Amino acid sequence: MKTRTTTYAVILLTAAAALTACDDSTSSDSSKPASPKPSATAEKEPTQKQKDENHKAAGIPPKPTGQKRRQLLDALAKAAPDVVRYEDKAIDAARNQCSSINGGGSKLDWAASQRFSYKDVTTTEAQGKAINAALKTTGFCKV
C-alpha cells in the first residue's frame, strides 16, 4: 500500500508541476512579454536506473529479451492465442498485469481481460484467468 501511495504522490506532484509551468494567456497585463517559467520536472528527468527502481517498486518486471521474451510470448499464446498478435502490446500488458498480481489487486481475471484487449483482439475473463495462471507459473511476475 505504501508503494501505491508513493507512486500516486509522485504522479500528482509531477502533474502539479506541469500545470504550474503553463502560461495563462488570459493575463490582463499584456505590456509585459511572457517569459517562460522553468519546469520543475525538466531539470529532474529520472535516470533509467530510477525508472527501473520505480517499476520494481510497483511490481512491474523489466522488459524480457531473447529467450525470456519468447517463453513469455509462448505462455501467453497457450493461454489466449490472439493476444500475441501484437507482441509488444502483449509484453506491455503482461508487465502491467504483474503490477496488479504483485500488488494483490482484486478482479485479476477481469483486469487481464481488459489489459489484453486491444485493436482487434478481444480477451475474455476466462482467457484472463489463463493468462494470470501463465504469468504466475512461468515466474515472469517475480520482481
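The values are calculated or read from the model by the stated rules, or taken from the named source; none is laboratory data. Keep in mind that what you see is a predicted model, and the values were worked out from it rather than measured. Note that each Cβ is placed from the backbone with ideal geometry, even for glycine, and that neighbours are counted across all protein chains shown. In case anyone asks, the SASA skips ligands and DNA or RNA and just uses the protein heavy atoms, side chains included. Shrake-Rupley method; radii C 1.70, N 1.55, O 1.52, S 1.80 Å.
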Quick one: which residues, 5 or more positions from residue 118 or on another chain, have an amide H under 5 Å from its amide H? H modelled 1.01 Å from N in the peptide plane, none for Pro or chain starts. none
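Express the carbon and sulfur contribution to the solvent-accessible surface of segment 92-143 as a percent, rounded to the nearest whole number, probe 1.4 angstrom. Could the numbers behind the result be given before it?
Details: 1300 of 2710 Å².
In segment 92-143, the share of accessible area belonging to carbon and sulfur is 48 percent.
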With a cut-off of 8 Å between alpha carbons and a minimum separation of six or more residues, what is the relative contact order of segment 48-102 in percent? 41 percent
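Can you give the relative contact order of segment 97-143 as a percent, counting alpha carbon pairs under 8 Å and 6+ residues apart? Provide the component values of the computation, followed by the final result.
Values: 45 pairs, mean separation 19.1, N = 47.
Contact order relative to length: 41 percent.
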Where only protein heavy atoms count, and the probe is 1.4 Å, what is the accessible area per residue for segment 40-107 in Å²? 64 Å²
Between residue 92 and residue 54, what is the spin-label point distance in nm, taking each point 7 Å from the Cα along the Cα→C-beta axis? 1.6 nm
